[in-house]
Amino acid sequence: MLLEGKNAVIFGVANTRSMAYGIASAFKREGAKLAFSYAGEAIQKRVLPISEELGGEFTFPCDVTSDEEIEAAMQLVKERWGSVDILVHSIAFAPKADLEGRFLDTSRAGFKTAMDVSVYSLPALCHAFEPILNPGGSVIAMTYYGAQKVIGNYNVMGVAKAALEASVRYLAVDLGQKDIRINAISSCPIKTLAASGVSGFRHMLTHIEEHAPLHRNVTIENVGNTAVYLASDFASAVTGEILFNDCGYNVLGM
Ligand code: 0WE
C-alpha cells in the first residue's frame, strides 16, 4: 500500500460522483487515514454516509470563503491527528450566469466569487495548515485545460483555473522550504454535480471520446490513482506541476 500511515484531509466531496470521492476511495485502498470537510448542512448530509463508507475518522464544516472556518478546521484536525500528510483541494464555484455567453460580459461579483472560492481558498488552506503539514507532505488541487486554452463557456472559471495553476507554482516555492509538495491534476470533463448544470456537457464527453488519443473519457478512479501517485513518496521530486490526466487530449493541435 502506497499511503500507509498517512493522514489525508479531503476538501470537496459532494457525492459519490465527485472527483474528491474518487481520490478518497483510492487513498483508502492505499492505506491512508481520511477526514472530510463539508460546506453547509445540505452537503453534510451527503458527506456523512460517504465518510462512513470510506472509514473516515471525522468530518468537519469548512466554508472556504471564511478565514475563521478554515482556522477552526485546522484546529480540529490538529486536535484529532496532530499533523497532516496530504491535503486535497477539490473546490470550485462560479455563478451559473457567468459560465455561459461571452467572457467579456462577466460580472464583477461573479469574477470575485469565482476567484475567492476557486482560487484564494488554495493559498488560504495552505497558510492555515502549514504549521501542521508534515515534511514529505503533499497538497493536491484540481484544474482544467480551460486554464490554458479557450474552452467555450468555461469563461471566468478558465481565468480562475489559470490563477490556480499560477498559485500552485508560487506555493511550491514557499512550501518547498518545508519539504512539502503541491501539484495540480488537470483532468478532462467528468459528469459530476458541478458539471450537471453545464449546458452541452454531454457533447464535450463525446468530443473527448472521438478525439482524445485514448478515445475515452476519464473516470474518477483515474483521477484517484493519479492523486495516489502525487501523494506518495514516488513523486517526492515532483512539485509545482500541472499533471494532465486527460487521455492525452491536451497534446492535440489539429
Ligand atoms: O471546473 C469545472 C466545473 C466548475 C464549475 C461548475 C459549475 C456549474 C454549476 C464551477 N461553478 C459552477 N457553478 C454552477 O452554478 N469543470 C472543469 C467542469 C466544466 O464546467 C464547465 C465546463 C466544464 C468542462 C462550464 C462551462 C463549460 C465547460
| remark: The residue from I190, I140, I132, I182 that alone is away from the ligand (no atom under 16 Å from the Cβ) and under 17 Å from the mean Cα position of the chain (by Cα) is I182
| note | The condition of being over 30 Å from K33 (Cα atoms) and either at pLDDT below 95 or surrounded by fewer than 22 Cβ atoms within 10 Å (Cβ to Cβ) (or both) holds, among I151, I70, only for I151
| Counting only residues that are within 13 Å of the ligand (Cβ to nearest atom) and touching a helix residue (DSSP H, G or I) at 6+ places or on another chain (Cβ under 6 Å), which one in segment 86-98 is nearest to G136 (Cα to Cα)? | H89
| query | Do you know which residues across segment 201-234 are at pLDDT below 95 and touching a helix residue (DSSP H, G or I) at 6+ places or on another chain (Cβ under 6 Å)? | reply | F201
| note | Across segment 202-247, the tally of residues that are within 11 Å of the ligand (Cβ to nearest atom) and open to solvent by 80 Å² or more (accessible area, probe 1.4 Å) stands at 1
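For segment 161-179, name all the residues that are under 12 Å from M142 (Cβ atoms) and more than 8 Å from the ligand (Cβ to nearest atom). Break it down stepwise before answering.
Keep residues of segment 161-179 that are under 12 Å from M142 (Cβ atoms), which gives 161, 164-165, 168.
Residues satisfying the conditions are L164, E165, V168.
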| task | Pairs only if they're at least six apart or on different chains, beta carbon under 6 angstrom, first in segment 88-108 and surrounded by fewer than 20 Cβ atoms within 10 Å (Cβ to Cβ), second among the hydroxyl-bearing types (S, T, Y) and part of a loop (DSSP other than H, G, I, E, B); list them, first residue then second. | result | none
| query | If you take the residues of segment 1-26 that are over 14 Å from the mean Cα position of the chain (by Cα) and in a helix (DSSP H, G or I), which of them is farthest from G137 (Cα to Cα)? | reply | S25
| query | Out of curiosity, is V119 touching a strand residue (DSSP E or B) at 6+ places or on another chain (Cβ under 8 Å), closer than 23 Å to N183 by Cα, of a type in the set (A, V, I, L, M) and part of a helix (DSSP H, G or I)? | reply | no
| task | Select, from S199, S138, S167, S187, the only residue that is surrounded by fewer than 23 Cβ atoms within 10 Å (Cβ to Cβ), among the hydroxyl-bearing types (S, T, Y) and touching a residue at least 60 places away in the same chain (Cβ under 8 Å). | result | S199
| query | Restricting the search to segment 146-176, which residues are farther than 16 Å from S90 by Cα and among the basic types (K, R)? | reply | K149, R169
| task | Residue by residue through segment 22-38, note down the ones that are open to solvent by less than 30 Å² (accessible area, probe 1.4 Å) and within 21 Å of N245 (Cα to Cα). | result | G22, I23, A24, A26, F27, E30
| remark: When (1) closer than 29 Å to E57 by Cα; (2) of a type outside the set (G, A, S); (3) open to solvent by 50 Å² or more (accessible area, probe 1.4 Å); (4) more than 15 Å from the ligand (Cβ to nearest atom) are applied to L125, the one that fails is (3)
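The values are calculated or read from the model by the stated rules, or taken from the named source; none is laboratory data. Since the model is a prediction, treat every value here as computed from it, not as a measurement. A quick note on method: Cβ atoms are made from the backbone with ideal geometry, for glycine too, and the neighbour counts reach across all protein chains shown. For accessibility, only protein heavy atoms count, side chains too; no ligands or nucleic acids. Shrake-Rupley method; radii C 1.70, N 1.55, O 1.52, S 1.80 Å.
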